[in-house]
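Worksheet: one structure, shown below.
Just so you know, all these numbers are worked out from the coordinates, no wet-lab data involved. Note that this is a predicted model, so its numbers are computed, not measured. Note that each Cβ is placed from the backbone with ideal geometry, even for glycine, and that neighbours are counted across all protein chains shown.
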Amino acid sequence: MSHLIAPSLLSANFGNLQHDIDMVNKSEADWFHLDVMDGVFVPNISFGIPVISAIKKWAEKPLDVHLMIVQPERYMGDFKKAGADILTVHYEAVTHLDRTIHAIKQEGMKAGVVLNPHTSVLLLENIITEVDLVLLMSVNPGFGGQQFIENSYTKIHQLKELIIKKGSSALIEVDGGVNLENAPKLIQAGADVLVAGNAIFKSANPSQTIRSFKSL
């Protein structure tokens, strides 16, 4: 499978969001990546269900919704109704991960689990065959534009080994500080999906930048 690109709308122009959504629709990007922050699990607040519902009306590609919130299990049905196609929850925020993953799938969405930079991939050994993807944070979650954490390459290798060992079909997604300089190494390490925010939306030609990511 060729690697996928998921532009993060957290870095888009919210004063003219439809323009940036149209750009992604027409580009070679594969998914929209949407970060939902509650100001509790992470020290920032982004957007919630009403904004996702609005994005869904314009988006022509799957919505990859990353929940950085406490007790995400309370909102499975709400995010499905809003238009989420993929829903990922943090390992660190969920008490009953297996139950939550299956609840996401029962709503008809693909289910993923997210790991913060300090969380070991080995903790996923008993759930890796149940999830559709694992999102590795390569920065500390909460804010865009942070510096990439170099240890992320090692975590990708470890996760890839676990996926192969367990016969899982889970995709490896990486989010945080991803750019055209480190993307080749991330893909080589085993990443399947690259989330990029500032690298795309702050570039002179976002559509061309997406094309460059896809051609790696």
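Report, for the chain, the % of DSSP beta bridges that are antiparallel, rounded to 5. Before the final figure, lay out the partial values.
Values: 1 of 33 bridges.
Antiparallel bridges make up about 5 percent of those DSSP assigns within the chain.
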Cα coordinate range in the stretch 50-121, projected on the principal axes (Å, largest first): 37, 24, 18
Which of THR119, THR154, ALA29, positive extreme of dipole for the chain (C-beta unit charges): ALA29
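State whether the stretch 1-56 is rounded, prolate or oblate according to the following rule on the C-alpha gyration tensor (a ≥ b ≥ c being the square roots of its eigenvalues): a/c under 1.5 gives rounded; otherwise a/b larger than b/c gives prolate, and the remaining case gives oblate.
On the way: a/c = 2.33, a/b = 1.45, b/c = 1.61.
Because a/c hits 1.5 or more and a/b fails to exceed b/c, the stretch 1-56 counts as oblate.
List the pairs from LYS61/LYS166; LYS57/LYS80; LYS57/LYS110; LYS80/LYS110; LYS56/LYS105; LYS56/LYS160 whose alpha-carbon separation is above 22 Å, in the order I gave them.
Working: LYS61/LYS166 30 Å; LYS57/LYS80 14 Å; LYS57/LYS110 20 Å; LYS80/LYS110 10 Å; LYS56/LYS105 19 Å; LYS56/LYS160 32 Å.
Going by Cα-Cα distance, LYS61/LYS166; LYS56/LYS160 fall outside the 22 Å limit.
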For the chain, the spread of Cα positions along each principal axis, largest first, Å: 43, 37, 31
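Give me the Kirkwood hydrodynamic radius of the stretch 135-216, using the inverse of the mean 1/r over all pairs of distinct Cα atoms, in Å to one decimal. If you can, show how the numbers build up before the last one.
Working: mean 1/r = 0.0759 Å⁻¹.
Evaluated on the stretch 135-216, it is 13.2 Å.
So if each residue of separation counts as 0.36 nm, and I subtract the Cα-Cα distance between LEU17 and ARG211, what length gain in nm does that give? Walk me through the numbers on the way to the answer.
Numbers: separation 194, 0.36 × 194 = 69.84 nm, distance 2.04 nm.
Between LEU17 and ARG211, full extension yields an extra 67.8 nm.
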Size of charge dipole - the stretch 1-81 - debye, nearest 20, with Cβ of Lys, Arg +1 and Asp, Glu -1, no other charges: 240
